[in-house]
Amino acid sequence: MKVSIIGGGITGLTVAYYLSKNGFDVTVYESSYFFGGQASSIKIDEYNIERGYHHIFKNDYEIIKLIDELGLNQSLEWHKSSVGMYANGSLYKFSTPIDLLKYKPISLINRIRLGLLSLYLQKKKNWKPYEAISANKWILKYAGKEIYNRVWGPLLKAKFGIYHKEIAMPWFWSKMKTRFASRNKRGDEILGYLKYSFEELINSLIDNIEENSGKVKLNHKVTSIGQEKGRIDNIEYICDGIKKKVKTDIVICTAPSYEIKKLINFNQKYTDKLSAAKYLGASVFILKLRKQFSPYYWMNIIDDEIPFLGLIEHTNLVSKDRYGGNHILYITNYLSHTDEIFKKDTKELLDIYMKNLKKINPEFNKEWLLSYHYNAVSAAQPVIPKNYSSLIPEIESPIENLLIGNTTQIYPEDRGTNYSIKIAGEIVSLLKEKVRKL
Ligand SMILES: Cc1cc2nc3c(=O)[nH]c(=O)nc-3n(C[C@H](O)[C@H](O)[C@H](O)COP(=O)(O)OP(=O)(O)OC[C@H]3O[C@@H](n4cnc5c(N)ncnc54)[C@H](O)[C@@H]3O)c2cc1C
């Protein structure tokens, strides 16, 4: 049975790995010149580093299981994370409950309230009643204006920009839960990272697919999915400017929903589901620096004057010794696709950002910069609206033998490689069951 998988990100590759292991004849078509999609890496000097910062949480059971199955568990290392908040022109430690109690931008009573509400959300199991309320409304109602204006509101705005009032409460609940679940008894956040980057996982999946006689193709952009009598029949792709058509029995499409809609027409109900979650893009710089920028791995920026939302200093999680003694700093922003930032010249944007880095750390100067890399991701973050459980596009599309798997199906958790792997597992189970029934 010939299976064509569209997209060589973590979802597509995991599906291909499991299907090829189960004897299916799989081919992965990836439009880009690299595999791994959002979890892919670039090479800086002789080491790999993700295009967008990546880590694993302690409760990311699916990815931990896959890493183990692929024999990579000796590479999975756990590190103590550290969080900082830049607010009111000062930098605050925000890693543990004690740090929260010392967080001056809000009153003591609200610090206690913030801690109790965080604990409440962490303990809460039933998120269903949250479906009908936006995170924005819930925070204002239960945490009040000060906490909203000085802590959670800016974080929502920073992550979801113009959509920050639309994001549903289950997203916020799951974010709090995940970040707490990854803490040790002392309250420190512990995060996982593969010794040689996520590229280790991507390469291992590819090696296994090929060992199982599957095929993986780069620079193959699928341009349409063809059907005959309501069933999948073929796909068309373009490679080196040449269009080709190949027959196929099954298509698994892991492209973002807005791309899927361009490949084939669905009925109105399914089209609406593919449109229910909008996407935000991400604009990410990777700076290789001579010196450490801050003491924190993750720094939230709560300052309207600063044009980026966060700084992730990878070498404050993983030792700089692994990167030739240099420091790796990500500057990140989640933005709507039409945002002016995406139109700016990279060098011009970097200059603006560097001036703002200086506001956060006055000692920082251009001499620290050894090299940089810029990456824009278009399907970085789905914006999950209220009452989403009835709007999620099903894995089994209305077209026979066309299955869909992407980050808009991750709910109520926030998107992440762990949940992409979970979806891949569900696709494989569904397909095996279909074939068993034939
Ligand atoms: C900045 C950033 C930081 C992140 N940090 C973390 C983290 O710390 N931990 C974590 O677990 N997750 C993190 N994530 C999320 C995680 O990377 C994604 O959830 C996951 O990689 C999504 O995988 P995917 O395969 O579903 O989608 P993608 O990675 O988007 O892959 C889809 C693939 O389909 C290809 N494609 C699209 N259209 C076509 C077509 N027509 N023909 C052929 N190919 C096509 C694309 O080129 C792409 O490679 C982060 C994401 C971003 C953007």
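The values are calculated or read from the model by the stated rules, or taken from the named source; none is laboratory data. Fair warning: this is a prediction, and the values are worked out from it, not measured in the lab. Glycine also receives a Cβ, built like all others from the backbone with ideal geometry; neighbour counts cover every protein chain displayed. The area values use the complete protein model at the heavy-atom level, side chains included, leaving out ligands, DNA and RNA. Shrake-Rupley method; radii C 1.70, N 1.55, O 1.52, S 1.80 Å.
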Leading residue by the ranking (nearest to residue 414 (Cα to Cα)) among those in region 90-136 that are outside any helix (DSSP H, G or I) and open to solvent by less than 40 Å² (accessible area, probe 1.4 Å): 134
Need pairs with beta-carbon distance below 8 Å; first residue within 7 Å of the ligand (Cβ to nearest atom) and within region 397-417, second basic (Lys, Arg); sequence gap 6+ or separate chains. 407/415
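Considering only region 339-355, I want to know if a residue exists there that is assigned to a strand (DSSP E or B) and either touching a strand residue (DSSP E or B) at 6+ places or on another chain (Cβ under 9 Å) or more than 16 Å from the ligand (Cβ to nearest atom) (or both).
Step one: list which residues in region 339-355 are assigned to a strand (DSSP E or B), which gives none.
No: region 339-355 contains no residue that is assigned to a strand (DSSP E or B) and either touching a strand residue (DSSP E or B) at 6+ places or on another chain (Cβ under 9 Å) or more than 16 Å from the ligand (Cβ to nearest atom) (or both).
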Within region 157-175, tally of residues that are at pLDDT 90 or above and over 19 Å from residue 308 (Cβ atoms): 10
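Does residue 242 qualify as being touching a strand residue (DSSP E or B) at 6+ places or on another chain (Cβ under 8 Å), among the hydrophobic types (A, V, I, L, M, F, W, C) and more than 12 Å from the ligand (Cβ to nearest atom)? Steps first, please.
Working: touching a strand residue (DSSP E or B) at 6+ places or on another chain (Cβ under 8 Å): no; among the hydrophobic types (A, V, I, L, M, F, W, C): yes; more than 12 Å from the ligand (Cβ to nearest atom): yes.
No; evaluated as a whole, the condition is false for this residue.
Criterion first (under 25 Å from residue 378 (Cα atoms) and within 27 Å of the chain's Cα centre (by Cα)) does residue 219 satisfy it? Talk me through it step by step, then tell me what you get.
Working: under 25 Å from residue 378 (Cα atoms): yes; within 27 Å of the chain's Cα centre (by Cα): yes.
Taking the combined requirement at face value, the residue satisfies it.
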Could you pull out the residue among 73, 88, 22 that is modelled with pLDDT of 95 or more and more than 21 Å from residue 183 (Cα to Cα)? 22
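Let me confirm something: among 422, 437, which residue is buried (at least 17 other Cβ atoms within 10 Å of the Cβ) and either within 14 Å of the ligand (Cβ to nearest atom) or at pLDDT below 95 (or both)?
Details: 437 fails: buried (at least 17 other Cβ atoms within 10 Å of the Cβ).
Of the residues listed, the single one that is buried (at least 17 other Cβ atoms within 10 Å of the Cβ) and either within 14 Å of the ligand (Cβ to nearest atom) or at pLDDT below 95 (or both) is 422.
Tally up the residues in region 364-385 that are of a type in the set (D, E, K, R) and in contact (Cβ under 8 Å) with a residue 40 or more places away in the chain, please. Steps first, please.
Step one: filter region 364-385 for residues of a type in the set (D, E, K, R), giving 366-367.
When the remaining residues are screened for being in contact (Cβ under 8 Å) with a residue 40 or more places away in the chain, the result is 367.
Residues in region 364-385 being of a type in the set (D, E, K, R) and in contact (Cβ under 8 Å) with a residue 40 or more places away in the chain: 1 in total.
Those residues that are closer than 22 Å to residue 223 by Cα and surrounded by 15 or more Cβ atoms within 10 Å (Cβ to Cβ), I need them from region 265-277; list them, please.
So in region 265-277, the residues closer than 22 Å to residue 223 by Cα come out as 265-268, 270-275.
266, 270, 271, 273, 274, listed by residue number.
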Near pairs, Cβ below 7 angstrom, 6+ apart or cross-chain, from region 136-157 (among the polar types (S, T, N, Q)) to any residue that is open to solvent by less than 50 Å² (accessible area, probe 1.4 Å): 136/156; 136/164
Counting only residues that are surrounded by fewer than 18 Cβ atoms within 10 Å (Cβ to Cβ) and among the small types (Gly, Ala, Ser), how many does region 169-206 have? 2
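Test residue 392 against the stated conditions and say whether it is surrounded by fewer than 17 Cβ atoms within 10 Å (Cβ to Cβ) and either at pLDDT 95 or above or within 11 Å of the ligand (Cβ to nearest atom) (or both). Quick ask: steps written out before the conclusion?
On the way: surrounded by fewer than 17 Cβ atoms within 10 Å (Cβ to Cβ): yes; either at pLDDT 95 or above or within 11 Å of the ligand (Cβ to nearest atom) (or both): yes.
Yes: the conditions hold for residue 392.
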So, of the residues in region 207-218 that are in contact with a Phe, Trp or Tyr (Cβ under 6 Å, 6 or more places away or on another chain) and not basic (Lys, Arg), which turns out to be least open to solvent (accessible area, probe 1.4 Å)? 209
